[in-house]
Amino acid sequence: MFEFDLNQEPLTNLELIAEQKKVKAIRKQQIKYSCISDVSHAFVFIALYLNQALTGYAIAVAIAISTVCAMVVAMAGKHALKVTDKISIGVITIVATLATGLILSLVMRQQFLGTIIASLLTGSIVIVGATLGRKIKKVMVAVEELKPIIEDEYSLQELAILCRHFPFLADYRELASHYLRPHLTYGELNAMRQWAIINSPDIDVSA
């Protein structure tokens, strides 16, 4: 995924458009994979219901547990999976799988085979949320960061303050305008913000 580097020359207008198209193509592909995963899991649940291996209420419980856990692992933490993240995901997957199995078997008195399959499906959905879900989150952030700042007055004001305090950032902005990009992107603003924090942590650029 593209990341802005202020030590490199700014993207030209055509290069920015190319990056936007590339990221949107990745987003489309990942959403397709997500839909395939959802349909596959739904097909198995429907098959269990039609074969009377699980009741509709049991399927609803399994879907609720797996969806909540999948959303937690997909949205929590950073994009890159560290060792601690993998351990947490593993624990959540095991807990979700066991919880589904115990509720369906002990509380709802479902068939053994249906309970086992539903539990495995729960774990599968959580794992998909931890991997594909985070990838989708990352690409959605990238799409937003590649958008130019045009009518966002707060961001434009912050950008102006940063450039006024730091000639290096002002030079970057001016060079970008020479490349037919009068409006910097949200990703570049974020890069400037991080650059200012690292190089001059004592300067307040919030006002």
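The values are calculated or read from the model by the stated rules, or taken from the named source; none is laboratory data. Only a predicted model underlies this, so the values are computations on that prediction, with no experimental measurement involved. Because the Cβ atoms are built from the backbone with ideal geometry, glycine has one as well, and the counts that use them run over all protein chains shown.
Okay, here's what the table says:
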quantity	calculated
Which listed residue is surrounded by 13 or more Cβ atoms within 10 Å (Cβ to Cβ) and either more than 19 Å from residue 102 (Cα to Cα) or of a type in the set (S, T, N, Q) (or both), from 39, 44, 61	44
Lone qualifier among 151, 144, 188 - being of a type outside the set (Ser, Thr, Tyr) and at pLDDT 95 or above	188
Enumerated helices (runs of 4 or more DSSP H) restricted to region 1-115, each holding at least 3 residues that are in contact (Cβ under 8 Å) with a residue 40 or more places away in the chain and either closer than 30 Å to residue 196 by Cβ or in the same structural domain as residue 179 (by TED's automatic domain parsing) (or both)	13-50
Residue satisfying all of: in region 128-138; surrounded by fewer than 21 Cβ atoms within 10 Å (Cβ to Cβ) and out of contact with any Leu (no Cβ under 9 Å at 6 or more places or on another chain); nearest to residue 41 (Cα to Cα) among these	128
Flag if residue 147 is within 30 Å of residue 41 (Cβ to Cβ) and under 20 Å from the mean Cα position of the chain (by Cα)	no
Flag if residue 173 is surrounded by 15 or more Cβ atoms within 10 Å (Cβ to Cβ) and modelled with pLDDT of 90 or more	yes
Qualifying position, being at pLDDT 90 or above and within 12 Å of residue 126 (Cβ to Cβ), among 88, 66, 105, 40	66
Every pair of residues 6+ apart whose Cβ atoms lie under 6 Å, when the first sits in region 166-189 and is over 16 Å from residue 155 (Cα atoms) while the second is in a helix (DSSP H, G or I)	180/13; 181/13
Flag if residue 23 is surrounded by 12 or more Cβ atoms within 10 Å (Cβ to Cβ), more than 20 Å from residue 127 (Cα to Cα), under 17 Å from the mean Cα position of the chain (by Cα) and of a type in the set (A, V, I, L, M, F, W, C)	yes
